[in-house]
1. What is the distance in Å between the Cα centres of segment 185-264 and segment 389-407?
2. Which value results when the Cα radius of gyration for the chain is divided by 2.2 N^0.38 Å?
3. GNM on the chain, C-alpha springs below 10 Å: top fluctuator among P216, P229, P118?
4. Round to a whole number: what % of the accessible area of the chain belongs to carbon and sulfur, probe 1.4 Å?
5. So for segment 308-434, considering every pair of alpha-carbon atoms, how many percent are separated by more than 19 Å?
6. Looking at the chain as a GNM with Cα springs under 10 Å, which of P396, P304, P339 has the largest mean-square fluctuation?
7. Between rounded, prolate and oblate, where does segment 114-187 land on the alpha carbon gyration tensor, with a ≥ b ≥ c its root eigenvalues, rounded for a/c under 1.5, else prolate if a/b exceeds b/c?
8. Can you name the helices of the chain, as whole DSSP H runs, whose Cα span along the helix axis is 20 Å or more and whose Kyte-Doolittle mean is not below 0.5?
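The values are calculated or read from the model by the stated rules, or taken from the named source; none is laboratory data. What you see is a predicted model; the values in this text were computed from it and never measured. We place every Cβ from the backbone using ideal geometry, glycine too, and count neighbours over all the protein chains shown. Areas reflect the complete protein model, heavy atoms only, side chains present, ligands, DNA and RNA absent. Shrake-Rupley method; radii C 1.70, N 1.55, O 1.52, S 1.80 Å.
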Amino acid sequence: MLRLMSTIRSFIVASSILSTAVLVMTILAATARADFPDVEQLPERSTLPDPLAMFDGTPVRTAAEWRERRRPELIKLFEWYMYGAAPAAPQVEASTDSVDEVLDGKARMKQVTITFGPSAEKRAGRINLLLFVPAGKKQPAPVFLGLNFRGNHMVLAHPAIHLPRLWMPSGPGMVDNRATEAGRGLEAPHWPLEKVIERGYAVATFYHGDIKLDKPTWDDGTPSLYFQPGQTAPAEHEWGTIAAWAWGLSRAVDYLSTDPDIDARRIAVFGHSRNGKTALLAGALDERIALVIPSQAGCGGTSPSRGTVGESVERINTVFPHWFDGTFKKFNKATSKLPFDQHCLMALVAPRPLLLTNATGDQWANPTGQFEMLKAAEPVFKLLGTEGCGAAEMPPENELVNTHLGYFIRPGKHDMSPVEWAQWLDFADKHLPK
Ligand code: GCU
């Protein structure tokens, strides 16, 4: 622990010299306008935009052109037209609050507080990370990192896990939108921790509301710390909630990369549904994430915005106006004007492995459209020297396409179940760096 704190402190001291420069750059980044046209001026595209063509149509022919020109351009396009831009990475500090032996001694459970903010005075950003590490392992463990919907205490019934004090969505275990003791372990069936630990992986999670509550108001969480005086909501091209959550995942990666129990080269990020949209965005933007698993992520994540099955862009922007930036709403009735589709976000993960998992009963998330997106991302994965997806057709139920661009669909409904986890483990065994 002391070693960890001193590593983090020396990182902070070293970076403080740069902090003024970083602050200036952050302000410039936040105020600089990208050179992209208004939505009304974008051309309609009857076919999917080519990930291997620049915005102006210039073909991208080599891996170097992809890395140096197209990848940065696509990131800017997604920030501008869809998710909104997040601030530059801040300095993080971390302290371990507790360590307990759990799961019959098979794991150590650590609770770590990670803090950050736009400046030393506004260091109020906070993630309560819950981390399970296989006990008695000499080597640092690979880790599955994913957000939870309703608090860490739901993941395992253990009295030491802090009860969150933040607002929570209503449901079992909540009273007046607050967590209660009765909620402990209620989500445990969706988190087969023991199995994951037995396979040698650590698991890290935090409540997405630590970063930003899932509400269309902006007076809580990290984004409000970044407001200019008088600002009450993100400006048109600034981060929406999904971008803020993804940025939060990167802050957890900042910490995990310094934890001696964790192998920083083998961080897999996963997420279900809205947390899956977030996992994909985090994986697309943060190249320290070695493997990405968006599960049943659907519209605004892994399914085509131009799709006609399940949730539409107009519907998601209406019901969840806070998830994306202001500009994305201008595509509600004009998705064919989008200069990208979600295959381009998947392509940003390349050459790192990506797995989509789905359920036949979850047509809201358009599983077939997701497979089409995966295939449309494949040329980029191949250009960067990976095998791609391999499968020409969507696989039948319960058959994992365990290639670099993997796919799995099971019968049943919208849910994060042990069936998914089993596929994620097989995929990670094969595709995480050795
Ligand atoms: C809603 C929403 C989806 C989202 C899902 C979830 O169904 O329309 O876009 O993925 O909630 O997060 O569970």
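1. Comparing the Cα centres of segment 185-264 and segment 389-407, I get a distance of 29 Å.
2. On the way: Rg = 20.7 Å, N = 434, 2.2 N^0.38 = 22.1 Å.
Normalised Cα radius of gyration, the chain: 0.94.
3. Maximum fluctuation in the GNM of the chain, among the listed residues, is at P229.
4. Working: 9940 of 17680 Å².
Carbon plus sulfur share of accessible area: 56 percent.
5. On the way: 4367 of 8001 pairs.
Result: 55 percent of Cα pairs exceed 19 Å.
6. P396
7. On the way: a/c = 2.47, a/b = 1.11, b/c = 2.23.
It comes out oblate by the Cα gyration axes.
8. Values: long enough: 2-31 (40 Å, 1.59); 241-256 (22 Å, 0.66); 367-383 (25 Å, 0.02).
Taking the DSSP H segments of the chain (at least 20 Å long, mean hydropathy at least 0.5), we get 2-31, 241-256.
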